[in-house]
């Protein structure tokens, strides 16, 4: 090896986790939110505002029937949106006080790192999800237009074609969500924390799921259930739920990936 060459980063050492680790990660995530409540809730509010703006655009374009798949698709980019929350928990772990400037600098710095490539993968998955919804609509419901969301819901829930669209759509969505979850469950905090490429991070994430399928399945259920409950009060629950899940994801990552 020449002096100009640097060794490639070692592949992360992955540990098997248990169900108790999931609970502990949630507890530590909640603790971090209490230590920096304004900062955490501000980041949660930004995510909620971004979703509401996207939803407003869908309604303004008379595409109300895309509101539900849009909400489901936004879950796919949640780990990317939580970058600032990972940094808050990392600073708490290091016994450093999180600051607005410090967290913001780390968030913006990710645009020039491998983190940005993984963000592209998440956003691309969200776009693919929306397009497959349009395809399924065309296959099962034809090219009819819906003047309102209630009219769309009525067709979906009261017709054979609508129920088929709903069933197939949820199966396809579940497959996509499982794939994206496996690729990103620990890869975003890993890329924030270490200098590894995004392919390595995704492989490590998938291997972590295969290593601890039960606890990871529980974590996926908690994330989905929490986001559904948070969406009930006009999505305002995201202001609190996203920070808890984001900070907890950091601590789940710390349990899965052995320190260097």
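The values are calculated or read from the model by the stated rules, or taken from the named source; none is laboratory data. Since the structure is predicted, the reported quantities are computational estimates derived from the model, not experimental observations. Cβ placement follows ideal geometry from the backbone for every residue including glycine, while neighbour counts extend to all protein chains displayed.
If I go through segment 45-68 residue by residue, how many of them are modelled with pLDDT under 70 and crowded, with 20+ Cβ neighbours inside 10 Å?
Looking only at that region, the number is 1.
Go through segment 230-243 and give me each residue that's surrounded by fewer than 14 Cβ atoms within 10 Å (Cβ to Cβ) and farther than 20 Å from residue 37 by Cβ. Give the derivation first.
Quick first cut of segment 230-243, residues surrounded by fewer than 14 Cβ atoms within 10 Å (Cβ to Cβ) only: 232-234.
Hits for segment 230-243 are 232, 234.
Somewhere in segment 135-142, is a residue assigned to a loop (DSSP other than H, G, I, E, B) and either at pLDDT below 85 or farther than 24 Å from residue 177 by Cα (or both)?
Quick first cut of segment 135-142, residues assigned to a loop (DSSP other than H, G, I, E, B) only: 142.
Restricting the remaining residues to those that are either at pLDDT below 85 or farther than 24 Å from residue 177 by Cα (or both) gives 142.
Within segment 135-142 (the criterion being assigned to a loop (DSSP other than H, G, I, E, B) and either at pLDDT below 85 or farther than 24 Å from residue 177 by Cα (or both)), the answer is yes, since at least one residue qualifies.
What number goes with the only condition from (1) closer than 14 Å to residue 14 by Cα; (2) surrounded by fewer than 20 Cβ atoms within 10 Å (Cβ to Cβ) that residue 185 does not pass?
(2)
Residue under question is residue 97, and the condition is that it be surrounded by fewer than 18 Cβ atoms within 10 Å (Cβ to Cβ) and either on the phi > 0 side of the Ramachandran plot or not in a helix (DSSP H, G or I) (or both); does it hold?
Working: surrounded by fewer than 18 Cβ atoms within 10 Å (Cβ to Cβ): yes; either on the phi > 0 side of the Ramachandran plot or not in a helix (DSSP H, G or I) (or both): yes.
Here the answer is yes, as residue 97 does meet what is asked.
Any idea which of (1) closer than 18 Å to residue 104 by Cα; (2) without any contact (Cβ under 8 Å) to a residue 24 or more places away in the chain; (3) within 20 Å of the chain's Cα centre (by Cα) is the one residue 38 doesn't satisfy?
(3)
Among the residues of segment 204-216, what is the count of those that are surrounded by 14 or more Cβ atoms within 10 Å (Cβ to Cβ) and either in contact with a strand residue (DSSP E or B) (Cβ under 8 Å, 6 or more places away or on another chain) or free of Cβ contacts under 8 Å to residues at least 12 places away in the same chain (or both)?
4
If I filter segment 29-44 for residues that are modelled with pLDDT under 80 and either crowded, with 16+ Cβ neighbours inside 10 Å or farther than 30 Å from residue 132 by Cβ (or both), do I get at least one hit? Quick ask: steps written out before the conclusion?
Initially, segment 29-44 is screened for residues modelled with pLDDT under 80, giving none.
No: segment 29-44 contains no residue that is modelled with pLDDT under 80 and either crowded, with 16+ Cβ neighbours inside 10 Å or farther than 30 Å from residue 132 by Cβ (or both).
Yes or no, residue by residue, for (1) more than 29 Å from residue 112 (Cα to Cα); (2) within 14 Å of the chain's Cα centre (by Cα); (3) assigned to a helix (DSSP H, G or I):
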| site | (1), (2), (3) |
| --- | --- |
| 175 | yes, no, yes |
| 181 | no, yes, yes |
| 189 | no, yes, yes |
| 218 | yes, no, yes |
| 222 | yes, yes, yes |
| 225 | yes, yes, yes |
